[in-house]
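What follows is a set of notes on a single structure, which appears directly below.
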C-alpha cells in the first residue's frame, strides 16, 4: 500500500510540471510547488513537505493529457524514495527539461539584488565561503575569505567586495566570496551582473555559477559556468569558460576578449542559458557560445539548477603573482538580475 501511495505521489508530482495558467502559458514548476507547499498544513517533522503532503494539498486539476501521463511514468522510473524538498526540486527540474523549451528570449525578471540598502548584503540572498579551503579553494589561492564588513559591504547602491593585504587566519590577504547556495538557484535564464573590476597585480575577480549537486557528485561533474574572470596581471582582458567532465582545469571551452576599461567603468557581464546552449555576453553582445553537438552527462550537466557566486581571489593558478605593492582592490557590483 505504501509503495502504491508513493507511486501515485510521484506521478502527481511529475504531472504538476505541466501546469498552465488560464492563458495556456506554462507555469514554472517551482512556482506551482511553492503554491502547493504554502497550502499544505501537514509538513514533515523537519518542516519540509513530503510527497504525500504535496499530494494531499490538491492540484489534481493540472493533470490532463496522455502525453503528460507518459512523461510522469518516465520520471517515476528514475525516482527513489526520498521525501525532501530538495529532491522534489530535482525531480521537477527533470520534468521541466523534457517539457519546457525556449529560444533564449528571457524577459521576465525572476530574481534580483539591487544592493540599494547600505550595510551587509541580504542574508535572504547570500551565504559566504569562509577560510582558505583545500589548497586555496583548489587553485592555490592566497586569500582568507571572511564575511567582515572590511571585505564585503554595500555602499551608495553598490556591493563592494574588497581584497586586502592583511594578515588573517594564517594568510597574508583577506577577501570575500558570496554565493546564493541554499538561498536561490535556477535552471535556464538570462543572468546579468553589472560590475566594475579591481586593479592590482594578483587580483582575480570572478562572476560564476556551480551546480547545486556539487555536494553529491563533486566537481567538475556538477558543471561550472564562468561568466566573467579577470586577472589583475593582464588588465583589460576578460574571459568566460565552461568546466565539466569533458573539460576541466585548463578547459578547452574558453574564450577571452579585450575590454580595456573594465577597472574604470561598469560593464554588464551575462550568460544566456537554455536547454540547447550557453552564450556569454558583455554589454549584451555575445562573445562565446558553448553548444555540444551531442549532449551527454559528461559535456552537459547543465540541465540542473545552479547557484551564483561573486568573489575576488588573490594569486593562485589564474591570479598569478601578487604585486608586492598591492594593498587593496575592490570589485563593485551594481546589480545581479535573473530573467526567465
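Just so it is clear, none of the values below were taken in a lab; they were calculated from the coordinates. The shown structure was predicted, so the numbers you read here are calculated from the model rather than taken from an experiment. Every residue, glycine as well, gets a Cβ built from its backbone with ideal geometry; the counts of neighbours run over all protein chains shown.
Miscellaneous remarks
- Order by protection proxy (mean Cβ within 10 Å, highest first), peptides 202-210, 323-331: 202-210, 323-331
- Stokes-Einstein diffusion for segment 94-219 at 10 °C, viscosity 1.306 mPa s, with a Kirkwood radius from C-alpha pairs, works out to 95 µm²/s.
- Segment 109-339 - Debye-derived log10 I(q)/I(0), Cα point model, q = 0.12, 0.15, 0.17 Å⁻¹: -0.61, -0.99, -1.31
- Protection proxy ranking of 260-268, 125-133 - average other beta-carbon atoms within 10 Å, highest first: 125-133, 260-268
- Taken over the Cα atoms of segment 115-173, the convex hull encloses 85 Å³ per residue.
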